[in-house]
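Notes to accompany the following structure.
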Amino acid sequence: MNCKQLQKIENYHEGKLQTEELNFVKKHLESCDECRRYLDELKSQALLLSRIKNFKPTLINPVAFRNEVLDQIQSKRNRYLVVRASRFVNSIIFILTQPITRYSFITAAIVIFGVFIFQQTIIVRKIESLEKRMGSNIVAKESGRPGRKNVDAFFKGRMEVQSDSDEAFRELLGNYRSLQIRYTVLLKMLKEKYPATYQEILKELEEAELLPENINI
Amino acid sequence: MSFEVPYQLIQSVKKGDKQAFGRLIDCCSPYVYAVALKLIGDADDANDASQECFIKVWGKMNTYKSHYKFSTWLYKIIANTCLDKLRKRRRENQIFEQRDPDIHEPTQNNVEVEFEEKQFVDFVRTISGGLSPKQHAVFVLHDLEELSQEEISKILGMPKGRIKSNLYYARKSIRQILQTVDQEKNTSSYEL
């Protein structure tokens, strides 16, 4: 490749030359073997490139290709789920096996148990207090014999109300509004917290016809 | 070569509809495979790269923004996948295996197609040896796929100036490679 006109041959091949230069190159090509060979090479390369450009590669089996991609996505998804689940399980196991976690669980259980017991104690005490207050009032008003033993006996159904008549006892309850309120509070609380005791007491009160009609629980 | 995908189809795929994704694969796989083969120069590797590309598309579909042209976005994924494979091949100095004539034996009906494909694959393999992966990608996308420089800029993430220079050097190298190949052919024919 010694000829100095090679660049012009490239331009000639690409159609970039004006008339004057075009004529010059045409004449030069008639006399220069090297440039003719070069032009032939350029033409064959251009032909190859155009054939390459026009060639459209196609998948041998597009349906199999699609199914394979979808299968891979599914299996990847399954693998991902398995990995995620195992990671979750491992992290749980790791947390549970840590000493601080064990102690935390034991402490939490103790605290929860303690709170429960404390709450129950408070409720029971409140009920007992209400019982006593209500019972004292009832018994004091009715029998004139206030006292813890009498109150307990009244609520356990072992004491018979010593009234002149049941009618008089109902009137008595009706006259004491504050007593009615306490009675309501007590029964409501029993109904919510101790349904069995509530049913027992209700039955006893109904049997003894001691439940005033105007109390809504 | 740019192509259009229905907006509704893309939206369905974004919502996780696998059937719609199957339709999207049917619609785009010819273009994706063609680019992959032009970049890699091996049918099996191109097939693998195309599958990898669609798996990435499924995984990244939520990141696709509607204002972006879908074909450009897809070209970006396939180009990057193929460039990774080309770079890996360079690192490993992988040598192309010879085709097994028993497996790819052409039948009477597809002799011409087989010949063209062989010629095509030979061409891609020849030029890929003399070009950098980026130059190769720019040449394929610009001269063979006829994409605009703006699109190529988005696909390969490089400024237009670098695309122009890569294209210039790619064309120059290809010309030199083809000249060398022609000379070798002539020499061997003289020897014979």
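The values are calculated or read from the model by the stated rules, or taken from the named source; none is laboratory data. The structure displayed is predicted, hence computed values, not measured ones. Note: ideal-geometry Cβ built from the backbone for every residue, glycine included; neighbour counts use all protein chains shown. Only protein heavy atoms, including side chains, enter the accessible area calculation; ligands, DNA and RNA are left aside. Shrake-Rupley method; radii C 1.70, N 1.55, O 1.52, S 1.80 Å.
Side notes on the structure shown:
One line per residue, one yes/no per condition, for (1) open to solvent by less than 50 Å² (accessible area, probe 1.4 Å); (2) modelled with pLDDT under 90:
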site	(1), (2)
B:145	yes, yes
B:152	yes, no
B:159	no, no
B:168	no, yes
B:180	no, yes
B:189	no, yes
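- Test: residue in the stretch A:14-32 that is of a type in the set (S, T, N, Q) and either closer than 21 Å to residue B:171 by Cα or surrounded by 13 or more Cβ atoms within 10 Å (Cβ to Cβ) (or both): no
- Residues of the stretch A:63-85 that turn out to be facing another protein chain (nearest Cβ under 9 Å) and either open to solvent by 60 Å² or more (accessible area, probe 1.4 Å) or more than 13 Å from residue B:26 (Cα to Cα) (or both), as a count: 7
- Condition met for residue B:75 (surrounded by 21 or more Cβ atoms within 10 Å (Cβ to Cβ) and either among the aromatic types (Phe, Trp, Tyr) or not in a helix (DSSP H, G or I) (or both)): yes
- Filtering the stretch B:30-69 to residues that are open to solvent by 10 Å² or more (accessible area, probe 1.4 Å), in a helix (DSSP H, G or I) and more than 11 Å from chain A (Cβ to nearest Cβ) leaves B:45, B:60, B:62, B:63.
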